[in-house]
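The values are calculated or read from the model by the stated rules, or taken from the named source; none is laboratory data. Everything numeric here is computed off the predicted structure, so don't read it as measured data. When we count neighbours, we look across all protein chains shown, and the Cβ atoms used for this are built from the backbone with ideal geometry, even at glycine. Just so you know, the surface numbers come from the protein's heavy atoms only, side chains and all, with ligands and any DNA or RNA stripped out. Shrake-Rupley method; radii C 1.70, N 1.55, O 1.52, S 1.80 Å.
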Amino acid sequence: MSTFAERLVRLGYRRLPPGPLLAGDDGATLFTSVADPAWRRFLTGHPRPEPGGAVVLQWVLNTSRLAHLPPASPPSVQRAVGAVWTGRRPYQETLGDVLDALREAGTPPGELTFLLRAEPQDGPPVTAALRRLGVRPGSIVRGTRLPDAPVRMEPELGPCLTVRRRSRGVVFAHCDGQCPCGCHLSVAHIQFAERRRTAGRVTPLRRPLFEVIVSEHALTQPVVPGGSPVPGGRRTTVPPLLGRLTAGIAELLAVAGGAAGPSPVFLADVSSAVSLLLGEGMAPGPRGGPYVLRRLIRLIGTELAVHGLPPALLTSVIATAEFAYRAPLGFPELSARSWVHMAEERDAFLRVLVRGRNLLLRPGALSDRPGEAARQLTRLWSERGVPLALSLRWCREAGMEPSLVHLALADIPDEARHRREPVGSARPARAALAGPAPGLRT
């Protein structure tokens, strides 16, 4: 990624530091982000954009997949390059910059396909520019917006390109090294912003923009085997940035006496995110961004506890991230205050678990009726913060086996079950604990 960014700098883009720590309206996006609508304004010096290019290399923390990390999925902690050029430039020149930077970063244009979304009058000039750059006609296709493309990139505002390549490693759990389903990764998202929408009207921009976003996981290849085997015996591949940390956590678990169980890949993924947020001076809290950090820390403790390891070991997991992740990447050491926050959160989580176990296993606490027992477990989850997976483990250790079907039904509001409101309208407290916040980026 740094190679890609350095190439753009040599081509005339100026480097900018990442944006300041900000709290988004949804309480989950904590940093100015390549996914944020204000991204272009940040790079171009809004409200008075400077002519020329700007580029920034930043971290992206995505917590949307942390609850159930799929095998071989990209890491939650990634890096992304966002670049903008303000002012009119020929398509061939600006696209040539991107292809040169990709080639220098190890992704030659011959591996790429180009998904074009454009108004009828905008498509031919972009296609002609790509052909002059040596792109084969069969590598240029028309299509619709992909789910990973920023929503703000709209053909109505100017031509959009998603640059794709065949995955060098497996992407989904059903894939193997010779995957026949043609798994592709989005390497870059590009837009020539030539128009703007104001009060429902689309008008030309006085100073057009060129924007490109490139994510690290699309340029690098997972090369370190590890993690738990998936069906068929294949093991989860580890992203390069997390390889050293995954190995360190696996060694820590072995020393702690953990047999097969806790996923080193999962723990490396979550602990790297926690490490970055603590390093920004954030403290766990009850709402907004600090609550996301609290959930991340407790996800580590839950993963350990569910597999029979002491949740207090989570401090050691973060210490491993300090030495195997932060230090090699050049980050400063976590402050003493950050370690105090970690200790306080660890102790608070342990108190939650002790109280929860006592409440769950006290005589007569669980009903003999499966439906009522399931509702008691979900209430313990939503009202006391006791992880449901851990409650189920305690029940099994005590010789009880709550019905998973009843547990699933218990988390649906009664009104929804009687069709008086949509199933998706879960109670706020329960919805907040049902899954991680949608995104967290830096």
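The set of residues from region 249-289 being within 17 Å of V77 (Cα to Cα) and open to solvent by 10 Å² or more (accessible area, probe 1.4 Å) comprises S263, P264, V265, F266, L276, G279, E280, M282.
Is it the case that some residue within region 76-84 is in a loop (DSSP other than H, G, I, E, B) and either without any contact (Cβ under 8 Å) to a residue 24 or more places away in the chain or open to solvent by 60 Å² or more (accessible area, probe 1.4 Å) (or both)? I'd like the intermediate steps shown before the answer.
Kept after step one, since they are in a loop (DSSP other than H, G, I, E, B), are these residues of region 76-84: 76.
Those still in the list that are either without any contact (Cβ under 8 Å) to a residue 24 or more places away in the chain or open to solvent by 60 Å² or more (accessible area, probe 1.4 Å) (or both) too: none.
No.
So which of C179, C175 ends up being out of contact with any Leu (no Cβ under 8 Å at 6 or more places or on another chain), assigned to a loop (DSSP other than H, G, I, E, B), open to solvent by less than 10 Å² (accessible area, probe 1.4 Å) and modelled with pLDDT under 85? Break it down into steps so the answer makes sense when it comes.
Working: C179 fails: open to solvent by less than 10 Å² (accessible area, probe 1.4 Å).
The unique qualifying residue is C175.
Report whether or not R351 is within 23 Å of A256 (Cβ to Cβ), surrounded by 20 or more Cβ atoms within 10 Å (Cβ to Cβ) and at pLDDT 80 or above. Considered against the rule, which asks whether it is within 23 Å of A256 (Cβ to Cβ), surrounded by 20 or more Cβ atoms within 10 Å (Cβ to Cβ) and at pLDDT 80 or above, R351 comes out as no.
Of the residues making up region 286-298, those that are part of a helix (DSSP H, G or I), under 18 Å from R351 (Cα atoms) and either of a type in the set (G, A, S) or over 15 Å from the mean Cα position of the chain (by Cα) (or both) are Y291, R294, I297, R298.
Taking V9 as the residue in question, decide whether it is surrounded by fewer than 19 Cβ atoms within 10 Å (Cβ to Cβ), among the β-branched types (V, I, T), over 19 Å from L293 (Cα atoms) and at pLDDT 90 or above. Here the answer is yes, as V9 does meet what is asked.
Remark: Y325 matches the filter, which requires a residue to be in contact with a Leu (Cβ under 7 Å, 6 or more places away or on another chain), aromatic (F, W, Y) and in contact (Cβ under 8 Å) with a residue 60 or more places away in the chain. Of the residues making up region 123-153, just one is touching a strand residue (DSSP E or B) at 6+ places or on another chain (Cβ under 8 Å), in a loop (DSSP other than H, G, I, E, B) and modelled with pLDDT of 90 or more, namely V135.
A quick yes/no check of all residues on (1) over 30 Å from T86 (Cβ atoms); (2) modelled with pLDDT of 90 or more:
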residue: I190; (1), (2): no, yes
residue: G200; (1), (2): no, no
residue: V224; (1), (2): yes, no
residue: P229; (1), (2): yes, no
residue: L242; (1), (2): yes, no
residue: A250; (1), (2): yes, no
residue: A256; (1), (2): yes, no
residue: A259; (1), (2): yes, no
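Looking at region 313-329, can you tell me whether even one residue there is under 19 Å from V77 (Cα atoms), open to solvent by 30 Å² or more (accessible area, probe 1.4 Å) and touching an Asp or Glu at 6+ places or on another chain (Cβ under 7 Å)? Looking through region 313-329, none of the residues is under 19 Å from V77 (Cα atoms), open to solvent by 30 Å² or more (accessible area, probe 1.4 Å) and touching an Asp or Glu at 6+ places or on another chain (Cβ under 7 Å).
Return the residues of region 202-222 that are among the acidic types (D, E) and modelled with pLDDT under 85; say none if nothing qualifies. The answer is E216, and nothing else.
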